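I have placed the structure first, in the form of structure tokens, so that the comments after it can refer back to it.
The values are calculated or read from the model by the stated rules, or taken from the named source; none is laboratory data. Not measured: the values here are computed from a predicted model. Using ideal geometry, Cβ is built from the backbone for each residue, glycine included, and neighbour counts are taken over all protein chains shown. With ligands, DNA and RNA removed, areas are computed over all heavy atoms of the protein, side chains included. Shrake-Rupley method; radii C 1.70, N 1.55, O 1.52, S 1.80 Å.
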Amino acid sequence: MKVSRLLFCTALAGLVSGGAMAQQAAPAPALPDTVSVRGDHPGAKYDRHLFGQFAEHLGTGIYGGIWVGPNSKIPNVRGYRTDVLDALKAIKVPVVRWPGGCFADEYHWREGIGPRNKRPVKVNTNWGGVTEDNAVGTHEFMDYSELLGAEAYVSGNVGSAPPREMAEWVEYMTSPTGSTLAKERAANGRKTPWKLAMFGIGNELWGCGGNMTPEYAADETRRYSTFIKVPEGVQIMKVASGANSEDYNWTEVMMQKAASAFSGIGVHYYTVPGTWEQKGAATGFDEEAWARTLVKTMKMEELLQNHSRIMDKYDPKKRVALLVDEWGTWYDQEPGSHPGFLYQQNSLRDAVVASLNLDIFARHADRVRGANIAQMVNVLQAMLLTDGNRMVKTPTYWVFDLYKGYQDGTVLPVEVSSHWYRNGGHELRAVSSSAVRGTDGVVHVALTNVDPNQAANVSVQLAGISGGTVSGRILTGTTMDAHNTFDAPDTIRPVAFTGATLANGTLSVALPAKSVVMLDIR
Ligand code: AHR
């Protein structure tokens, strides 16, 4: 059964009266777009690690973002702010990467253990030249991961520390009682070892991690990896520092020379609407910038295809995971914010960037088994923004919330036939989609309409999916740069979506302009 225009408008009226946002009933194209969901051809697992986060010692990402200290007036649990902790728990953060980023290759873990008032104060040379008092160190980060119910992905220092330093850090975190390092850990308050799920062998070794050639980095990776040892029976994923965007030679050389030394390799790709010198504003942009940003983010598809193809040559059985361990939008910093803090607003455009990327990950889930959006709080494409004791959830946070049913589910391949959205010489398919059968059997179908002006009529054919009811949520806004502020924190948040009907194995969806919809079929 088709959704009638009347029904669509009624649904919109209901949503608007819900008060969270307004959807405009823009005209839909005459021909429906089609999506076919192949429930009869289940694909790879949508690894929960694809929803990973990144928390670097950068700006107010850690200090003020997740950590305020136990004596703060801001409500906290042992120093970790409660509002942020609760919000992150609600989206089931599976893994957090720490302490960098560029910070990692200048980080010396011994400076971040022991009594806080005795820890050395350093200059954060990468990010704003501010002082770093090391209040958050290994114990604080590992405890935070446990509180959050997330795994720890710790990045080691290859660029400016010897292998011994890395080896001892891993031993400090993972060894059971007995060794001197384990005793030191216990004396610092933690008797049992932590679970260290992932360990990064440096970060961006081609740049801030040491400006290495791929050949040299491959040798260093082999060398450092040799000394990362964990106790018998403990599993750890060793992650090689990956390529910058389309530096395919990096992946080629690392895989050819050093693949046996790691079980994951990264790739970093940021969506920068303009140039690195003039990236573009986070809000107040025009439609041409909207279209340009979305086209640029779609480059992720080509990158994952090409890096995966290279990896297939050396690792046809896909033992090594490709991890997009830094991704997201990078705009000009907010006017008036501290230089080097990378603080930016987050709008509906970021929400669409997030959903497009999460859909892309589904198409490469056999090889791409982890990702860390940059960054979790107050930095780049953040989940949350804080200001003193206030916090807002960003549109990107809400996309992660919409998609959380994907975690560890099974990808159901989708074929999308969509009209083009075009503006200012940029073009991309108007409709993006992915589908996953959740671990609880619910089938989740994501639909994004990138066109900021025109709704889309989407017909979704479900093959091998027996559910008989559909429910959903939608994230949209009145403007392309709709965003939440500390004074208006709920301008944009998901609300119930009633623009979909299910009959005879076909979903008919009236997909509003500039929207992200998640449908659940039971
Ligand atoms: O996320 C900000 C920075 O971007 C990271 O520190 C670095 O790895 C990358 O260049």
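Working out 0.36 nm times the residue gap between A90 and T506, then minus their Cα-Cα distance, what length gain in nm do you get to one decimal?
146.6 nm
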**Asked** Taking 0.36 nm per residue of separation and subtracting the Cα-Cα distance, what length does fully extending E415 through T226 add?
**Response** 63.7 nm
**Complete:** FRET efficiency (N71, S466; Cβ distance; R0 51 Å; to 0.05) is 0.35
**Request:** Rounded to whole Hz and in sequence order, give me ³J(HN,Hα) for region 435-446 from the Karplus expression 6.51 cos²θ - 1.76 cosθ + 1.60, θ = phi - 60°, writing x for Gly and Pro.
**Result:** 8, 9, 8, x, 5, 8, x, 6, 8, 9, 10, 9
**Request:** Excluding G477 itself, calculate the net charge of residues whose Cβ lies under 11 Å from the Cβ of G477, where each Lys or Arg counts +1 and each Asp or Glu counts -1.
**Result:** +2
**Fill in**
With DSSP loop assignment and no more than 13 other C-beta atoms within 10 Å, the trypsin sites (Lys or Arg not before Pro) in region 52-89 are K73, R78
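Taking K and R as +1 and D and E as -1, what net charge do the other residues with C-beta under 14 Å from the C-beta of E106 add up to?
-4
Per residue, how many Å² of accessible area does region 48-407 show with a 1.4 Å probe?
Result: 35 Å² per residue.
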**E215 versus E287: modelled label distance in nm, points set 7 Å from Cα along the beta carbon direction** = 5.2 nm
**Prompt:** Helix 299-314: angle to the longest alpha-carbon principal axis of the chain, degrees 0 to 90, nearest 10?
**Reply:** 50 degrees
**Vicinal HN-Hα couplings computed from phi for region 268-276 (Karplus, 6.51 cos²θ - 1.76 cosθ + 1.60; Hz; Gly/Pro x)** = 10, 9, 9, 8, 10, x, x, 9, 5
**Message:** For the chain, what does the helix formula give at 222 nm: sum of -39500 (n - 2.57) over DSSP H segments with n ≥ 4, over the residue count, nearest 500 deg cm²/dmol?
**Reply:** -7500 deg cm²/dmol
**Complete:** Classified through the alpha carbon gyration tensor (a ≥ b ≥ c as square roots of its eigenvalues; rounded if a/c is under 1.5, else prolate when a/b is larger than b/c, else oblate), region 61-204 comes out rounded
**Prompt:** Under the classification rounded if a/c is under 1.5, otherwise prolate if a/b is larger than b/c and oblate if not, where does region 48-407 fall, given a ≥ b ≥ c as square roots of the Cα gyration tensor eigenvalues?
**Reply:** oblate
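Could you look at region 48-407 and say what percent of its accessible area is carbon and sulfur, using a 1.4 Å probe and all protein chains?
With neighbouring chains kept in place, the figure for region 48-407 is 51 percent.
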**Complete:** Rounded to the nearest 5, the percent of antiparallel DSSP beta bridges in region 48-407 equals 20 percent
**Item:** Entries of K296/K514; K279/K404; K92/K404 with Cα pairs more than 19 Å apart
**Value:** K279/K404
